[in-house]
Amino acid sequence: MIILGVDPGTQITGYGVVAEVGDSRPTLIECGVIRPSAGRPLPERLREIFEGVAGVIERTRPDVLCVEGVFYGRNVRTTVVLGHARGAVLLAAALGGVPVAEYPPAEVKNTVVGTGKAGKGQVAFMVQRHLCLSEPPSPADAADGVALALCHLFSTRVGGRRPERGGGGVGRKHVD
């Protein structure tokens, strides 16, 4: 199984691709960030996010794309803009024929680190440990993308439902 985890953002979108074959330890295929051009209008930055995620999908052919659920912060504008970035990611998945799984941020942290209140440094450290890497993925946004992929992998190992083609999802919420 190949899993693409994406942590969307309009300034930096982190991603990580993890593969598991049989009962073997998961392997990091690639991770990185998509940095839309600063100062560009929002629609152009969203297009860059879409194209970046679509490129990762084309290169790695994931079986599922995992995305963080909407985080409702105090700043409504930030939440709305983040929703736009998620939309670009979801569109890339839909057009690439990749099913989507959505996980709340606290569930990702709890699954990967052991506590839903973990900080970015703790997440990066545990990603490093789970994958036996010499150093944590960098920057932290890339580590967050890898953590999403690991969360899905660990969740499906313990009896989670597999995603369905055509809009089904895994985790706490299906993305339609």
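The values are calculated or read from the model by the stated rules, or taken from the named source; none is laboratory data. All values derive from a computational prediction rather than experimental measurement. When we count neighbours, we look across all protein chains shown, and the Cβ atoms used for this are built from the backbone with ideal geometry, even at glycine.
List, please: which pairs have Cβ atoms under 9 Å, are six or more places apart or on different chains, and start with a residue in the range 25-36 that is at negative phi and part of a loop (DSSP other than H, G, I, E, B) and end with one that is at pLDDT below 95 and among the β-branched types (Val, Ile, Thr)?
From the range 25-36, the pairs are Pro36/Thr10.
What tally of residues in the range 40-59 results from selecting those that are in a helix (DSSP H, G or I) and surrounded by fewer than 17 Cβ atoms within 10 Å (Cβ to Cβ)?
So the answer is 8.
Which members of the range 117-176 meet the condition of being at positive phi and modelled with pLDDT under 75?
The answer is Gly159, Gly166, Gly167, Gly171.
Looking only at the range 60-93, how many residues end up being part of a helix (DSSP H, G or I) and touching a residue at least 24 places away in the same chain (Cβ under 8 Å)?
Looking only at that region, the number is 13.
Report the residue count in the range 72-101 for those that are at pLDDT 95 or above, surrounded by fewer than 16 Cβ atoms within 10 Å (Cβ to Cβ) and among the aliphatic types (A, V, I, L, M).
Total meeting the criteria: 3.
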